[in-house]
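*Asks:* What follows is a structure written as structure tokens; I'll ask about it next.
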Amino acid sequence: MSVDIYVAIPAARWPDIAAVQRCVTSHAYPLHIKRFPVLDRERVVNDGVTATIDGKDAYLEGALARAPALPNDVRMINDRLAASQVADRIGSDHVLMSFHLRAPVEMRAAGYVIAALIVCFDGLGFEPQGNTSGHAAFAESFVAGSDALKGL
């Protein structure tokens, strides 16, 4: 089983690894960011996040780009947001990061990373399997899910 999750952030707010780690630490998420992708203004970065959680390294497979570089993903997300009567939309001034997760350790680590991106950097989360999206409450649900995965 795999899960895909997206986070859209205003491009001007895209963080570096130090900013993400500060956010993770300030929220007491049990995670250490070892590697975080750097935004390239011209191309899609096919690299994810490496983090340590529960003494294990987790590689969170993903892609990162300015929204105009991922028109199919942006269209799919915006169409589904509109169909769900959600006011949020991803615009050309956003950065989109996708996560493709398979193992429980990846899902646990990703929940905290996704929550950090949403709460500290004005992100919008979107989970296409359940067609759910949101901001603070969405982030809280990922934290709760990550907490529940401890030990798996």
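The values are calculated or read from the model by the stated rules, or taken from the named source; none is laboratory data. What you are looking at is a predicted structure, and each value in this text was computed from that prediction instead of being measured. Because the Cβ atoms are built from the backbone with ideal geometry, glycine has one as well, and the counts that use them run over all protein chains shown. Just the protein is used for accessible areas: all its heavy atoms, side chains included, with ligands, DNA and RNA removed. Shrake-Rupley method; radii C 1.70, N 1.55, O 1.52, S 1.80 Å.
*Asks:* Check the range 113-125 and report whether any residue there is among the charged types (D, E, K, R), over 15 Å from the mean Cα position of the chain (by Cα), at pLDDT 95 or above and in a loop (DSSP other than H, G, I, E, B).
*Replies:* Taking the range 113-125 as the starting set, the residues that turn out to be among the charged types (D, E, K, R) are 122.
Okay, now just the ones that are also over 15 Å from the mean Cα position of the chain (by Cα), so none.
Checked against the condition, which is being among the charged types (D, E, K, R), over 15 Å from the mean Cα position of the chain (by Cα), at pLDDT 95 or above and in a loop (DSSP other than H, G, I, E, B), the range 113-125 yields no hits at all.
*Asks:* Report the residue count in the range 27-39 for those that are free of Cβ contacts under 8 Å to residues at least 24 places away in the same chain and either polar (S, T, N, Q) or surrounded by 17 or more Cβ atoms within 10 Å (Cβ to Cβ) (or both).
*Replies:* The total comes to 1.
*Asks:* Going by what's in this entry, would SER98 be described as of a type in the set (Gly, Ala, Ser) and open to solvent by 40 Å² or more (accessible area, probe 1.4 Å)? First the steps, then the outcome.
*Replies:* Numbers: of a type in the set (Gly, Ala, Ser): yes; open to solvent by 40 Å² or more (accessible area, probe 1.4 Å): no.
Taking the combined requirement at face value, the residue does not satisfy it.
*Asks:* Six or more apart or on different chains, Cβ under 9 Å: which pairs go from a residue in the range 135-147 that's over 13 Å from VAL105 (Cα atoms) to one that's part of a helix (DSSP H, G or I) and open to solvent by 60 Å² or more (accessible area, probe 1.4 Å)? Could you list them?
*Replies:* HIS135/VAL119; ALA136/VAL119; ALA139/VAL119; GLU140/VAL119
*Asks:* Can you spot a residue in the range 72-80 that is without any contact (Cβ under 8 Å) to a residue 60 or more places away in the chain, in contact with a strand residue (DSSP E or B) (Cβ under 6 Å, 6 or more places away or on another chain) and open to solvent by less than 60 Å² (accessible area, probe 1.4 Å)?
*Replies:* Initially, the range 72-80 is screened for residues without any contact (Cβ under 8 Å) to a residue 60 or more places away in the chain, giving 72, 74-76, 78-80.
Checking which are in contact with a strand residue (DSSP E or B) (Cβ under 6 Å, 6 or more places away or on another chain) leaves us with none.
No, that holds for no residue.
*Asks:* Looking only at the range 89-105, count every residue that is touching a residue at least 24 places away in the same chain (Cβ under 8 Å) and touching a helix residue (DSSP H, G or I) at 6+ places or on another chain (Cβ under 6 Å) and tell me the total.
*Replies:* Total meeting the criteria: 8.
*Asks:* When both residues are 6+ apart or on different chains and their Cβ atoms are under 6 Å apart, which pairs have a first residue that lies in the range 40-58 and is within 19 Å of ALA69 (Cβ to Cβ), and a second that is open to solvent by 40 Å² or more (accessible area, probe 1.4 Å) and of a type in the set (Asp, Glu)?
*Replies:* Taking only residues 6 or more apart or on different chains, the pairs are GLY48/GLU61.
*Asks:* Before we move on, is ALA18 touching a helix residue (DSSP H, G or I) at 6+ places or on another chain (Cβ under 7 Å) and farther than 26 Å from ASP88 by Cβ? Give the derivation first.
*Replies:* Values: touching a helix residue (DSSP H, G or I) at 6+ places or on another chain (Cβ under 7 Å): no; farther than 26 Å from ASP88 by Cβ: yes.
So ALA18 does not fit the description; no.
*Asks:* Here's a follow-up. Can you go through ASP122, ASP147 and tell me which one is surrounded by fewer than 23 Cβ atoms within 10 Å (Cβ to Cβ) and in contact with a strand residue (DSSP E or B) (Cβ under 8 Å, 6 or more places away or on another chain)? Show your work before the answer.
*Replies:* Details: ASP147 fails: in contact with a strand residue (DSSP E or B) (Cβ under 8 Å, 6 or more places away or on another chain).
Among ASP122, ASP147, only ASP122 is surrounded by fewer than 23 Cβ atoms within 10 Å (Cβ to Cβ) and in contact with a strand residue (DSSP E or B) (Cβ under 8 Å, 6 or more places away or on another chain).
*Asks:* Looking only at residues that are assigned to a loop (DSSP other than H, G, I, E, B) and either modelled with pLDDT under 95 or in contact with a strand residue (DSSP E or B) (Cβ under 7 Å, 6 or more places away or on another chain) (or both) in the range 88-101, which one is nearest to THR132 (Cα to Cα)?
*Replies:* Keep residues of the range 88-101 that are assigned to a loop (DSSP other than H, G, I, E, B), which gives 88-93.
Filter again for either modelled with pLDDT under 95 or in contact with a strand residue (DSSP E or B) (Cβ under 7 Å, 6 or more places away or on another chain) (or both), leaving 88, 90, 93.
Working: ASP88: 12, ILE90: 15, ASP93: 22 Å.
Among them, the one singled out is ASP88.
*Asks:* Which of the residues belonging to the range 125-144 are surrounded by 21 or more Cβ atoms within 10 Å (Cβ to Cβ) and aliphatic (A, V, I, L, M)?
*Replies:* Across the range 125-144, the qualifying residue is only ALA139.
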